Amino acid sequence: MISPEKIWSSDQLPTLPAVAVKLLELSKDSDTDIKDVIETIKADPAITAKILKASNSSFFSLRSECKGIERAVPLLGTMVVTSLALSFSLSESAITEGPLKPRFDSYWKQSIIQSAAAELLAAKLGNELQHDSFLIGLLQDIGHLAMLRSIPDELVNVLEQAEEQQRDTAELETEILGINHAEVGVKMMERWQMSEQFKTAIQHHHDTFEELQELKSHPEFNAIITIATSAAIGDYFCSPNSGLALQRLQDLTTEFFEMPHNDLHGFLESVQARFEEAAQVFQVNMDDIGSPYEIMATANEQLVRLTMKAQVDSTQASARQAVIEEQKVQLETENKQLQSKAVHDPLTKVYNRSFFNEAFEKEIYNCARTATPIGIVFADIDHFKQLNDTYGHQFGDLVLQRVAKIANESTRRSDVFCRYGGEEFVVMVSSPTETGIQELAERLRALIENEVIEFEGKRVPVTASLGAVVGIPSRNTAGLEERLIAEADEAMYESKANGRNQVHIRSIIRKADRELQQLVKRSRFSRWLVTKKIFDIPTISKALLKCPKQGPLVKLGELAIAEKLLTAEEVAQILETQKENGQRFGEITIQQKLLTQEQVAYLLALQIEPPIALGKTLITLELLESTHTAELVKQYLAETKDSSAPLEERRQEPVKS
């Protein structure tokens, strides 16, 4: 990267003579008198002689010879004369001796070719840009001239790399130097106070095909596309990378000039004839520029090589990508296997204690937020040491596998079954009732007892002792995980102490919480549908299993406001109280007599089991039509909310802080 200031501070930048500066000022004024232009030119005898000689060349093909500048200027026009004056000034800037002479000569030749091409392209568009296009075409690479003069070593390095790598010059300049010749050219146009048209056309002359397409609505698009295409023609005749230039040239002329590929060769011959005439005016030898036929052959060979290289690169890239994809799949498979090993017991293939601990902690947090029950069941195989000692460890392993299999298959998807350690298993039960967890534990006990496990063709009796606990976490869950495990463990040892092959249940649910849970259960949409005999219990249970898992639950306070049971101010005050004492939201509303227990149960039912979500599932399962579902939800909400007291009654007592 270089600092742009190194370019701008250079005393080698091309400058304009006083005559050219004055002519530019006059050309901008539509009321300029032709006599002022003539007098300005005559002030510089050298430029006067060159313009007069140019006017009599084949480049302009005037009908009669101009013997004086007074006749040449009116015939050529102010803009043409200004272009010539600037061109002669630039030709002097581009003449140099020494090791960089080939680079300067190449720049000047390409500039002349681009100016001739721009003039012919402008004529094809049928606009009034012809004379302006000649000058813009000549100036479009002025940035290269400025960079050759100010940072020659850095620029030559980039040009050599572009030729070697067959890369776009402007792209590589930006990559290596941090600035390209188009940007420098725009800056030079600003210094010389050229029009916006000049700056815009030069700014975009190396834009990609897609970028040029996006500029179609630009007011200066004709100038932009004319100069961009003339740049491609310049690269085609002068660049070693004629193949890339031909490809770009074909794209541009087909899209923007409606020129078929078959017509392009004839147009390039016209360009060659025109730039050879211009070369005579500027006394430049173009003998080393090949004919379009010769260049076309070279360009096509390059395109073939580039295509073959691209295919080889693509094949290699595809092969590399295939290897990468294979490695990715292999790594993902290995990661899944490692993750599975990390959370599964290798013997029984059920979840291990590590997974249980993590899942248990998350479930306690979720239950604390929703005031829903959580339960765990511990199961310990009876006399397992004796089984191992009598029949061997291999048989002991078989017992563990069979018990794990039947127990795991009999639990719900929402429950988590795992091997806790040794011959001990545990089930985390989601949203259990005290009756429900009793039934689950008893079912597991019976399944284990009835499982036929044989040793050498004879059945060996296997039983288990189970203990379970159910509780509802408070907002402060500290110590609850340990307490639940301890209660379930003690219940299990109670089963062992009373003779084994038994179930003992404990509940740490408070009376108020138990009553509230019963109310919530009765208030849920699923229970209402069963009560109304819309569905039976098995059908609604299946629908609940298919119901999508909810995202973040709606806060109880927000539901209370939406249902017009509380005001926003009341909710804010309750939350402040909650921060102070750590109680649940619903508990505070009941204590402060803002809501009844039935109203809190109604809100909790809406939070835990949104009726609209269940309704959508019933529609998806084609158990209900959408219209009927909407009517049922509306009826459910109206009937269930009937227990809510009027707003005025709820406000009889002030909110306590």
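The values are calculated or read from the model by the stated rules, or taken from the named source; none is laboratory data. Just so it is clear, the structure is predicted and the values come from calculations on it, not from any experiment. Because the Cβ atoms are built from the backbone with ideal geometry, glycine has one as well, and the counts that use them run over all protein chains shown. To get the accessible areas, we keep the full protein, side chains included, count just its heavy atoms, and leave off ligands, DNA and RNA. Shrake-Rupley method; radii C 1.70, N 1.55, O 1.52, S 1.80 Å.
Residues in region 103-118: is at least one within 49 Å of the chain's Cα centre (by Cα), surrounded by fewer than 19 Cβ atoms within 10 Å (Cβ to Cβ), among the polar types (S, T, N, Q) and at pLDDT 75 or above? So far as region 103-118 goes, yes, one or more of its residues are within 49 Å of the chain's Cα centre (by Cα), surrounded by fewer than 19 Cβ atoms within 10 Å (Cβ to Cβ), among the polar types (S, T, N, Q) and at pLDDT 75 or above.
When the residues of region 138-160 are filtered to those that are part of a helix (DSSP H, G or I) and β-branched (V, I, T), the one that is surrounded by the fewest Cβ atoms within 10 Å (Cβ to Cβ) is V156. Scanning region 205-224 for residues that are under 23 Å from L246 (Cβ atoms) and surrounded by 21 or more Cβ atoms within 10 Å (Cβ to Cβ) turns up H205, H206, L212, I224. Among the β-branched types (V, I, T) and without any contact (Cβ under 8 Å) to a residue 60 or more places away in the chain, is that true of T435? In short, yes.
The single condition among (1) open to solvent by less than 40 Å² (accessible area, probe 1.4 Å); (2) outside the structural domain of G471 (by the TED database) that K496 does not satisfy is (2).
Of all residues in region 516-532, count the ones that are open to solvent by 80 Å² or more (accessible area, probe 1.4 Å) and assigned to a helix (DSSP H, G or I). Don't jump to the end; show me each part of the working.
So in region 516-532, the residues open to solvent by 80 Å² or more (accessible area, probe 1.4 Å) come out as 518, 521-522, 527, 531-532.
Then drop every residue that is not assigned to a helix (DSSP H, G or I), which leaves 518, 521-522, 527, 531.
Selection size over region 516-532: 5.
Residues of region 533-549 being open to solvent by 80 Å² or more (accessible area, probe 1.4 Å) and in contact with a helix residue (DSSP H, G or I) (Cβ under 8 Å, 6 or more places away or on another chain), which ones? Within region 533-549, D536, I537, K546, P548 qualify. Filtering region 365-384 to residues that are at pLDDT 90 or above and not in a strand (DSSP E or B) leaves P373, D382, H383, F384. Residues of region 550-567 that are assigned to a helix (DSSP H, G or I), open to solvent by 60 Å² or more (accessible area, probe 1.4 Å) and more than 18 Å from A368 (Cα to Cα): I561, A562.
Could we say that E580 is open to solvent by 80 Å² or more (accessible area, probe 1.4 Å), outside any helix (DSSP H, G or I) and farther than 16 Å from R524 by Cα here?
Values: open to solvent by 80 Å² or more (accessible area, probe 1.4 Å): yes; outside any helix (DSSP H, G or I): no; farther than 16 Å from R524 by Cα: yes.
No: the conditions fail for E580.
Output the residue which, of all residues in region 499-515 that are among the aliphatic types (A, V, I, L, M) and farther than 13 Å from F378 by Cβ, is surrounded by the fewest Cβ atoms within 10 Å (Cβ to Cβ). Can you show your working first?
Within region 499-515, the subset among the aliphatic types (A, V, I, L, M) is 503, 505, 508-509, 512.
Filter once more, keeping what is farther than 13 Å from F378 by Cβ: 508-509, 512.
On the way: I508: 14, I509: 18, A512: 12.
Restricting to residues being among the aliphatic types (A, V, I, L, M) and farther than 13 Å from F378 by Cβ, the top hit is A512.
Scan region 593-605 for residues that are open to solvent by 10 Å² or more (accessible area, probe 1.4 Å) and among the β-branched types (V, I, T) and jot them down. The one that is open to solvent by 10 Å² or more (accessible area, probe 1.4 Å) and among the β-branched types (V, I, T): T596. Restricting attention to region 192-209, and to residues there that are part of a helix (DSSP H, G or I) and in contact with a Leu (Cβ under 8 Å, 6 or more places away or on another chain), which single residue is modelled with the lowest pLDDT? For region 192-209, the residue satisfying everything is F198. For L603, indicate whether it is at pLDDT 85 or above, in a loop (DSSP other than H, G, I, E, B) and under 22 Å from S523 (Cα atoms). For L603, the condition - at pLDDT 85 or above, in a loop (DSSP other than H, G, I, E, B) and under 22 Å from S523 (Cα atoms) - is not met. The set of residues in region 34-64 being part of a loop (DSSP other than H, G, I, E, B) and over 26 Å from E190 (Cα atoms) consists of N56, S57, S58, F59, F60, S61, L62, R63, S64.
Being modelled with pLDDT under 70, assigned to a helix (DSSP H, G or I) and either surrounded by 11 or more Cβ atoms within 10 Å (Cβ to Cβ) or hydroxyl-bearing (S, T, Y) (or both): is that true of T315 here? So T315 fits the description; yes. Filtered by the rule that a residue be exposed (fewer than 13 other Cβ atoms within 10 Å of the Cβ), of a type in the set (A, V, I, L, M) and either closer than 22 Å to Q517 by Cα or at pLDDT 85 or above (or both), region 614-657 gives a lone residue, A638.
For the condition farther than 16 Å from R369 by Cα, at pLDDT below 90 and surrounded by 15 or more Cβ atoms within 10 Å (Cβ to Cβ), what is the one hit in I590, I608? So that I can check it myself, show each step before the final result.
Values: I608 fails: farther than 16 Å from R369 by Cα.
When all the criteria are applied, what remains is I590.
Filter region 182-204 down to the residues that are open to solvent by less than 50 Å² (accessible area, probe 1.4 Å) and under 33 Å from the mean Cα position of the chain (by Cα) and list them by number. Within region 182-204, A182, T200, H204 meet the criteria.
When region 65-86 is filtered for residues that are modelled with pLDDT under 80, part of a loop (DSSP other than H, G, I, E, B) and open to solvent by less than 50 Å² (accessible area, probe 1.4 Å), the ones remaining, listed by number, are C66, G77.
Taking each residue of region 481-501 that is over 17 Å from F356 (Cα atoms) and looking for partners that are in a loop (DSSP other than H, G, I, E, B) and open to solvent by 80 Å² or more (accessible area, probe 1.4 Å) with beta-carbon atoms closer than 9 Å, six or more apart or interchain, yields R500/H383.
For residues in region 462-493 being within 13 Å of I364 (Cα to Cα) and touching a Ser or Thr at 6+ places or on another chain (Cβ under 9 Å), which is surrounded by the most Cβ atoms within 10 Å (Cβ to Cβ)? Result: V470.
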